[in-house]
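No value in this document is a laboratory result; all are computed from the given coordinates. Here the structure is a predicted model, which is why all the values come from computation and not from measurement. We place every Cβ from the backbone using ideal geometry, glycine too, and count neighbours over all the protein chains shown.
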Amino acid sequence: MDLTYTPEEEEFRARLREWLGRVLPTLPPKPSPDDWPGRRAYDLGWQRRLYDAGYAEVHWDASPTMRLIFLEETEKAGAPYVGAGFVGLLHAGPTIAAEGTAEQRARWLPPILRGDEVWCQGFSEPDAGSDLAALRTRARRDGDDYVVSGSKIWTSHAEVADWCELLVRTDSEAPKHRGISWLAMPMDAPGITVRPLRTLAGSAEFAEVFLDEVRVPVANRVGDENDGWRVTMVTLSFERGTAFVGEVVACRRVLRELAVEARKNGRWDDPVLRRRLGRLNAEFRALWRLTQWNVSEAELTGGVPGVGGSVFKLRYSHARQELYDAAADVLGPESLDLDRPWVLDRLSSLSYTIAAGTSQIQRNIVAERILGLPKGR
């Protein structure tokens, strides 16, 4: 694998870095974390700036390496996170780009890139979280529509979304992995009820979604009927392969800040803490190289990340939790102060071994698809 950058890629990096340096000081203040309409407007406003400057297409019309450079540089510069655009830009959009028809690409991709529309993720259900293929939300064919009934939970950004990437069961008689379809559901359709969920960190970016005879056009199905599990694996490949790239850069920055804070408050004199921070530094450097390896592999396979994303996601989830546990050691008693840096991050890090596929599921994927071990009975 070639982990070096070409002159063209380095020129793109320099041009992006210069643009960020000019634009970021002109941004308006960020809205309150609880002001989701305000956060939606802020996040989409940033996406529109990227679009107008010619950087929006990097999410799926550029090479995986260009995407890696973009995510690295925007995080280093302290640019706004994708926020409400997370699902559209990093999950649904790349999936539609890879699996959608020409008509579907023309309908959904430009509004995502322009910052006109927000997507949410309707995958998990109360009884189908880690075992996603056990989902029970039904879609009955009725002419040119599917009639959908069921419920979803942990639906990211549902309260401000225009569209939902929705997994439904279209054949209840088929084996559970073969009777699923991937639909794009308009969130203003009759029969949809959204109830926000508040997390341990106090935020409400998730919701329960209840579906009562919701009509979704058959034309909104991405991929063939009952082929949704394969399409979903494409979505999850993006989620596990490249969606966390910016967060690795952020964790490396936090690690440097922790070392500075430890020197200021005297905790640096503890050799155990110094060894812990040193090991985490090596861990995140290795994760960054693994990211580059995964991106190089994606370059050779049509732009879709491979199963190596599961290795990354598994290790990154635990490394992030270890990082913020170390932050608590650095802060000492102040780690109980929710207004201190890193405290809310520590609470949110607890979800990372569950979100985007639990660590147990990732271990199964690594064992079966990389190591070739037999499936458990």
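Suppose every K and R has +1 on its Cβ and every D and E has -1 on its Cβ; what is the size of the dipole of segment 119-226 about the Cα centre, in Debye to the nearest 20?
Values: 12 positive and 18 negative charges, 47 e Å.
That gives a dipole near 220 debye.
Using per-residue counts of other Cβ atoms within 10 Å, averaged over each peptide, order 8-19, 204-215 from highest down. List each step's numbers first, then the result.
Numbers: 8-19: 14.5, 204-215: 19.4.
The peptides rank, most packed first, as 204-215, 8-19.
Under a crude label model (7 Å from the Cα following the beta-carbon direction), how far is Asp337 from Thr101 in nanometres?
About 5.9 nm, to one decimal.
Once you sort the root eigenvalues of the Cα gyration tensor of segment 119-226 as a ≥ b ≥ c, which label holds: rounded (a/c under 1.5), prolate (a/b larger than b/c) or oblate (the other case)?
Oblate is the answer for segment 119-226, as a/c is 1.5 or above yet b/c matches or exceeds a/b.
Classify segment 21-120: rounded, prolate or oblate, from the alpha-carbon gyration tensor (a ≥ b ≥ c, eigenvalue square roots; a/c under 1.5 rounded; otherwise prolate if a/b is larger than b/c)?
Oblate shape, in that a/c is at least 1.5 and b/c is the bigger or equal ratio.
Work out how much length Asp269 to Glu213 would gain on full extension: take 0.36 nm times their residue separation and subtract the Cα-Cα distance, in nm to one decimal.
Details: separation 56, 0.36 × 56 = 20.16 nm, distance 6.28 nm.
Residue separation times 0.36 nm, minus the Cα-Cα distance, leaves 13.9 nm.
Please work out how much length the chain gains when fully extended from Arg48 to Asp142, using 0.36 nm per residue of separation minus the C-alpha to C-alpha distance, in nm with one decimal. Each step should come with its number before you reach the end.
On the way: separation 94, 0.36 × 94 = 33.84 nm, distance 3.80 nm.
Contour length minus Cα-Cα distance gives 30.0 nm.
Suppose every Lys and Arg Cβ carries +1 and every Asp and Glu Cβ carries -1, with no other charges. What dipole size does segment 7-114 come out with about its Cα centre, to the nearest 20 debye? Kindly include the intermediate steps, with their values, before the conclusion.
Numbers: 14 positive and 16 negative charges, 79 e Å.
My answer is approximately 380 debye.
For Tyr5 and Ala282, compute 0.36 nm times the residue count separating them, minus their Cα-Cα distance, and round to one decimal in nm.
Numbers: separation 277, 0.36 × 277 = 99.72 nm, distance 2.19 nm.
Contour length minus Cα-Cα distance gives 97.5 nm.
Suppose R0 equals 22 Å. What FRET efficiency, 1/(1 + (r/R0)^6) with r the Cβ-Cβ distance, do Glu322 and Arg13 give to the nearest 0.05?
0.15
Arrange the peptides 312-324, 267-279, 104-116 so that the one whose residues have, on average, the most other Cβ atoms within 10 Å appears first. Provide the component values of the computation, followed by the final result.
Numbers: 312-324: 20.7, 267-279: 13.7, 104-116: 18.2.
Put in order of decreasing packing, that is 312-324, 104-116, 267-279.
Please state the shape class of segment 68-155: rounded when a/c is under 1.5, otherwise prolate if a/b exceeds b/c and oblate if not, all from the C-alpha gyration tensor.
Numbers: a/c = 2.64, a/b = 1.52, b/c = 1.74.
It comes out oblate by the Cα gyration axes.
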